[in-house]
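Undergrad: Following this message is one structure expressed as structure tokens.
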Amino acid sequence: MDVFVFKVTPQIENVAMEELTELGLTEATQVGPGLLLVRSCLPLESCKLPHSVESIFAYVGEIQELPAEKDSAILKMEEEPQQFDWSTAIALWRRFYPNNFSMAMPLTFRSSAERTGIHTFKSPDVEAAIGYAFQTATAQDKFKVSLKKFDIEVFSFAFENRVLIGLSLRRDIGFAKNRIWSELGLETPRTALKPSLAYCLARMARIQPGEVVLDPMGGAGTICIEGAFSWNRSYFVTGDVETVSASLASAIVASNNVQSNTTVALWDAKRMPLRDRCVDVIICDLPFGERHGSHVNNSRLYPKALSELKRVLRDSGRCYLMTIEHKLMNNLLNHQLWKPEPFYRWRLESRIPVNVGGYQAYIYHLTKELVTEVGPMPLPSEAKKKWSKKKKSTPAEDRTEQ
């Protein structure tokens, strides 16, 4: 039985676990933030790989109870991994990359690390220590260090007082959008959504056959393209206000052969050319205002976009919006426009935390709620208290009453 480490999106590991169960990978346990330890008898090198998984590693071992003192922790990371079973992990790596061992020896390797939390040591310290342990444990193979052109990548995950070690097998699983960008002579956008997270967003929406799914600010179309792969009996519509993004999305759709159930448009999400109540599901990665845009722009965009999304969504539809602007979103949902006649407003079903590249984001699950008890807009409870405190009888009013 092979042992793998699957890297998934932190805080929504349960979504990935659902997909693994469907694929027959039932022996999966969470061992860290965004890390799943999977035991499988299936030959994953020739099987359909999970869409919700970002990267796959061959499990080597785990260091536990690291000392708090920096030098002691580094010394333990250098010595303990030398006792791990590296040969089994290397044999598993050979199955994924059989051609690499046909080349002239020695092979090259690189040590990489990802650290979560607060430690006395830094990521380069982990990389150097684990790299030394790997080279010492496999001295008979004479692996050489190469930071750029390497054959094997030794990857370490440091979290809490533990370090999980594996050999990289597959990185950035998903459709080949990076290849399309390179063919067009463009660099990969810094704000590009990872295909694994895009799939998880689509899976959380519980898309049904025949439903129309909309991503109003789709960028390169990651969400809709991932959805079109897995839910080919549904129809996906994506659009963006930038011409370059819409062109990229069209190129990626064509290269991945999902034109039959995917449409790409150039539009402004605040004024979409769609009729009322024509969409069943809305899934959108809203602008964060960090690497692209700003909070000021979002404060102008979000209110109009939410109003437009409510217009195009069916009364029984559902909406999933991901953003780090949780204060802005909460304020907009708590202070929705009140009308004297029956109207629809957003109803918050749930707010799911998710870690996106180190940012604490939230996925807002919204539905439309019909308000029939109309009339003057009711004052919030806090506003009533303030109003009652302010409205006290003045001395002139007291004399009038007397």
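Undergrad: For an R0 of 51 angstrom, estimate the FRET efficiency from the Cβ-Cβ distance between T372 and E290 and round to the nearest 0.05.
TA: Step by step, r from the Cβ atoms, then E = 0.80.
Undergrad: Report the Cα centroid-to-centroid distance between region 239-290 and region 124-171 in angstrom, as an integer.
TA: 40 Å
Undergrad: Another one. So how long is each side of region 234-290 along the principal axes, counting just the alpha-carbon atoms, biggest first, in Å?
TA: Taking the Cα atoms of region 234-290, the three principal extents are 31, 29, 18 Å.
Undergrad: Just how large is the dipole of the chain about the Cα centre, in debye to the nearest 20, putting +1 at every Lys and Arg Cβ and -1 at every Asp and Glu Cβ?
TA: 1500 debye
Undergrad: What are the principal axis extents of the Cα atoms in region 10-167, in Å, biggest first?
TA: Here the Cα extents, ordered largest to smallest, are 44, 42, 26 Å.
Undergrad: Follow-up question, since we're still on this one. Quick one: which of K48/K122; K142/K194; K122/K148; K48/K327; K76/K148; K70/K194 span more than 29 angstrom between C-alpha atoms?
TA: Listed pairs above 29 Å: K48/K122; K142/K194; K48/K327; K70/K194.
Undergrad: Right, here's the next one. Just by accessible area at a 1.4 angstrom probe, what is the order of T222, T263, T243 from largest to smallest?
TA: T243, T263, T222
Undergrad: If you don't mind, another one. Could you tell me the convex hull volume per residue, in Å³, taken over the Cα atoms of region 4-95?
TA: 110 Å³
Undergrad: For helix 381-390, what angle does its Cα long axis make with the longest principal axis of the chain, in degrees from 0 to 90 and rounded to 10?
TA: Long axis of 381-390 versus the principal axis of the chain: about 50 degrees.
Undergrad: Quick one: dipole size for region 7-151, taken about the Cα centre, charges +1 on Lys/Arg Cβ and -1 on Asp/Glu Cβ, in debye to the nearest 20.
TA: That gives a dipole near 660 debye.
Undergrad: Another question, if that's okay. Using the heavy atoms of the protein chains alone and a 1.4 angstrom probe, what is the accessible area of the chain per residue in square angstrom?
TA: That works out to 52 Å² per residue.
Undergrad: Given a Förster distance of 30 Å, report the FRET efficiency between S112 and T21 from their Cβ-Cβ distance, rounded to the nearest 0.05.
TA: The pair S112/T21 has a calculated efficiency of 0.50.
Undergrad: Let me ask you something else. Figure the gain on full extension for H335 and M1 (residue separation times 0.36 nm, minus the Cα-Cα span) and round it to one decimal in nm.
TA: 114.7 nm
Undergrad: Taking the chain as the reference, fit the longest principal axis to its C-alpha atoms, fit the long axis of helix 243-255 to the helix C-alpha atoms, and give the angle between the two in degrees, 0 to 90, nearest 10.
TA: The angle comes out near 50 degrees.
Undergrad: Would you please calculate the Kirkwood hydrodynamic radius of the chain over all C-alpha pairs and express it in Å, rounded to one decimal?
TA: Result for the chain, one decimal place: 24.2 Å.
The values are calculated or read from the model by the stated rules, or taken from the named source; none is laboratory data. On a predicted model such as this, the values are computed, not experimentally measured, just so you know. Here Cβ is always computed from backbone atoms with ideal geometry, including for glycine, and neighbour counts include all displayed protein chains. The accessibility values were calculated without ligands, DNA or RNA, using every heavy atom of the protein model including side chains. Shrake-Rupley method; radii C 1.70, N 1.55, O 1.52, S 1.80 Å.
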